[in-house]
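Data first, discussion second: the structure below is written as structure tokens.
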Amino acid sequence: MKRNAKHILIAITIILLFLPMAQEHLRLFDFRKLAGVVSEKPKPPVKLKSITDNSLQQWCETYLRLHYGLREPLTRIYNQYRWDLFKQSNSLGNKRNYISDDGWIYEGTCVEEFYRGRFPASDSAAMIRNFGEEALRLKQIQQILESQNTHLFVLLLPGKEQVYPEHIPVTDDFPGRKPFSVRDFYAERFKELGVNHIDIGQWFLNIKDTVDYPLYPQTGTHWSNYAAMHVADSLIRYMEWLGDIKMEHFTIGERTERTVEPDDDLEQLMNLIRPLPKAPNYYAPYTIIDDSTAARPTLITIGDSYYWNLLNATPFGKVMGDFKYWYYFNTVYFDEGHSLVDDLDVMKEVLDADFVMIAYSPSQLYKMSQGFSQKVLLDLCCNKDELDEAQQELTKAIKANPVWVNSIIQRTEQYEIPIDTAIIIEARNGILKSPNRFVPALKDSVPTARSERFMALTHHAEPQNDSQPQSNPIPSDSTVSAPRLQQGSN
């Protein structure tokens, strides 16, 4: 009996020793993948130098740590142990994510936005000036595009910290004072200028105490999938009103308690064995109401990750004829053959679209449109010779300002760039960042200038500058029993 037990123990030991190796190479078990992103460095060449400077050894160590067999279950067991005994988690450190005493998880950027603003600046007046220029550019582009039957509008997305501030974790990680709310600034300025927009954040605040479903999941960072369904319905109706068209609609089926990605995306980053206790999330099927007479418009969206919920959890994309997603005005999705916005003919794409939607949450509004408005406005209104002339004038102004020149020297001396070259770069970047300030043709509230390429693409269409925002309300007849948004333009 003792001999049998001894053999059994030896066999178990051998199995345990070689099971990770077998799993790594043979994939005997199909484990649930770990959440999160891991960046791996390329393997250095096997040479004497890579051995003596330890780069090869470091690569091997990192590779083995990320690829050993049984990594997934062993990591989850370890994470569960740390969480159950010490309430510690790697995903809840380094200001990335925070969890409150009542179990609500917030992304670090949302917590920072709540306490001091995402990008605190010593000169609030300069920030307000920049935001004001952004709002004006969007209004100018809106008016130019309307003459070509392309409708630009802004989706002021909500933030979890905005809708549910009562659950924000208490922390001293973000000292300072929030000088102002960039979301509130844009909401007010858009109304004053007549920029087409929908303030979903305010809508969520208005209904959060009356709806019987969560607008935000307790352990996720984006609006809930079920809330996104209602947003999609209202967004379709807004586009119908704005473009004076008829689109396909959808009905929402009976909802059930179910957590669907990404309702628990922040929780998933903890890589635990058991789910955290939380309020229920909901999911509901939908049915598109076929309508052969409905328009299927083309849409370009420039925005952050909230848009994925609309595409993955709702039929919003399915009722479009074509939709393209310019993620942070950088990466291109749903456009075969292109991966970066830099690869595109942006002005032509915009002029060919029926709608252009800019959609950002509060913590991302500090860089609203990510350079989209500057580039499009310059493309629409200016030729190269006009930009060259503006750059020359700005270069002269910089050289005549000793304080400005001194600032450039201090910022560029480490790069050993000749001062004349640095001043030219400063002038060029200044125009690209704030074209309204330095290009005479763009200083009017309604620019009348048009670039030669715009005239060619639009077959020499005469610009129309008398367009004003409509004041019609969004249609209230609905196949979905959800609160309706009000249009944002006055």
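The values are calculated or read from the model by the stated rules, or taken from the named source; none is laboratory data. Quantities reported herein were computed from a predicted structural model and do not represent experimental measurements. Note that each Cβ is placed from the backbone with ideal geometry, even for glycine, and that neighbours are counted across all protein chains shown.
Does region 61-74 include one or more residues that are at pLDDT 80 or above and charged (D, E, K, R)? Quick ask: steps written out before the conclusion?
At the first step, the residues of region 61-74 found to be at pLDDT 80 or above are 70-74.
Then drop every residue that is not charged (D, E, K, R), which leaves 71-72.
Looking through region 61-74, at least one residue is at pLDDT 80 or above and charged (D, E, K, R).
Is it the case, given these coordinates, that Asn383 is in contact with a helix residue (DSSP H, G or I) (Cβ under 9 Å, 6 or more places away or on another chain), among the polar types (S, T, N, Q) and under 14 Å from Thr301 (Cα atoms)? First the steps, then the outcome.
On the way: in contact with a helix residue (DSSP H, G or I) (Cβ under 9 Å, 6 or more places away or on another chain): yes; among the polar types (S, T, N, Q): yes; under 14 Å from Thr301 (Cα atoms): no.
When the stated conditions are applied, Asn383 does not pass them.
Just the residues that are assigned to a helix (DSSP H, G or I) and either of a type in the set (Val, Ile, Thr) or closer than 25 Å to His222 by Cβ (or both), please, taken from region 40-71. Break it down into steps so the answer makes sense when it comes.
Initially, region 40-71 is screened for residues assigned to a helix (DSSP H, G or I), giving 48-52, 55-67, 71.
Matches in region 40-71: Ile51, Thr52, Thr62.
Rundown of residues vs (1) touching a strand residue (DSSP E or B) at 6+ places or on another chain (Cβ under 7 Å); (2) over 21 Å from Gly303 (Cα atoms); (3) at pLDDT below 95, yes/no style:
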residue: Phe131; (1), (2), (3): no, no, yes
residue: Arg137; (1), (2), (3): no, no, no
residue: Leu157; (1), (2), (3): yes, no, no
residue: Val170; (1), (2), (3): no, yes, yes
residue: Phe174; (1), (2), (3): no, yes, yes
Any chance Thr75 is part of a helix (DSSP H, G or I) and under 25 Å from Arg96 (Cα atoms): yes
Checking Gln364 against (1) of a type outside the set (A, V, I, L, M); (2) within 30 Å of Lys160 (Cα to Cα); (3) more than 18 Å from the chain's Cα centre (by Cα), the condition it does not meet: (3)
Any hit, region 276-291, residues being within 29 Å of Phe153 (Cβ to Cβ), touching a residue at least 40 places away in the same chain (Cβ under 8 Å), surrounded by fewer than 14 Cβ atoms within 10 Å (Cβ to Cβ) and out of contact with any strand residue (DSSP E or B) (no Cβ under 6 Å at 6 or more places or on another chain): yes
Long-range neighbours under 8 Å by Cβ, at least six apart or interchain, first residue among the basic types (Lys, Arg) within region 148-169, second not in a loop (DSSP other than H, G, I, E, B): Lys160/Tyr106; Lys160/Glu107; Lys160/Cys110
Among (1) part of a helix (DSSP H, G or I); (2) among the hydroxyl-bearing types (Ser, Thr, Tyr); (3) within 30 Å of Gly93 (Cα to Cα), the one test that Thr259 misses: (1)
Test: residue in region 33-50 that is out of contact with any helix residue (DSSP H, G or I) (no Cβ under 7 Å at 6 or more places or on another chain), outside the structural domain of Pro158 (by TED's automatic domain parsing) and at pLDDT 80 or above: no
Test result for Leu340, more than 10 Å from Thr298 (Cα to Cα) and in contact with a Ser or Thr (Cβ under 7 Å, 6 or more places away or on another chain): yes
Among (1) modelled with pLDDT under 95; (2) in a loop (DSSP other than H, G, I, E, B) - the single one Phe329 does not satisfy: (1)
Conditions (1) in a helix (DSSP H, G or I); (2) in the same structural domain as Thr150 (by TED's automatic domain parsing): number failed by Ile358: (1)
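Please verify whether region 184-203 includes one or more residues that are buried (at least 16 other Cβ atoms within 10 Å of the Cβ), acidic (Asp, Glu) and over 15 Å from Glu113 (Cβ atoms).
At the first step, the residues of region 184-203 found to be buried (at least 16 other Cβ atoms within 10 Å of the Cβ) are 185-187, 189-190, 193-203.
Of the ones still in play, those that are also acidic (Asp, Glu) are 199.
Within this subset, residues satisfying the condition of being over 15 Å from Glu113 (Cβ atoms) are 199.
The answer is yes, given that some residue of region 184-203 is buried (at least 16 other Cβ atoms within 10 Å of the Cβ), acidic (Asp, Glu) and over 15 Å from Glu113 (Cβ atoms).
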Qualifying residue in region 150-157 (condition: more than 29 Å from Thr210 (Cβ to Cβ), buried (at least 19 other Cβ atoms within 10 Å of the Cβ) and not hydroxyl-bearing (Ser, Thr, Tyr)): yes
Members of region 420-449 found to be surrounded by fewer than 19 Cβ atoms within 10 Å (Cβ to Cβ) and not in a helix (DSSP H, G or I), listed by number: Ser434, Lys443, Asp444, Ser445, Val446, Thr448, Ala449
Of residues in region 363-376 being modelled with pLDDT of 95 or more and over 16 Å from Arg428 (Cβ atoms), the one surrounded by the fewest Cβ atoms within 10 Å (Cβ to Cβ): Phe372
Selection from region 156-213 of residues that are of a type in the set (A, V, I, L, M, F, W, C) and assigned to a strand (DSSP E or B): Leu156, Ile198
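Residues checked against (1) hydrophobic (A, V, I, L, M, F, W, C); (2) farther than 27 Å from Lys278 by Cβ; (3) surrounded by 19 or more Cβ atoms within 10 Å (Cβ to Cβ):
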{"site": "His67", "(1), (2), (3)": "no, yes, no"}
{"site": "Leu70", "(1), (2), (3)": "yes, yes, no"}
{"site": "Asn79", "(1), (2), (3)": "no, no, yes"}
{"site": "Leu92", "(1), (2), (3)": "yes, no, yes"}
Test: residue in region 472-490 that is of a type in the set (A, V, I, L, M) and at pLDDT 85 or above: no
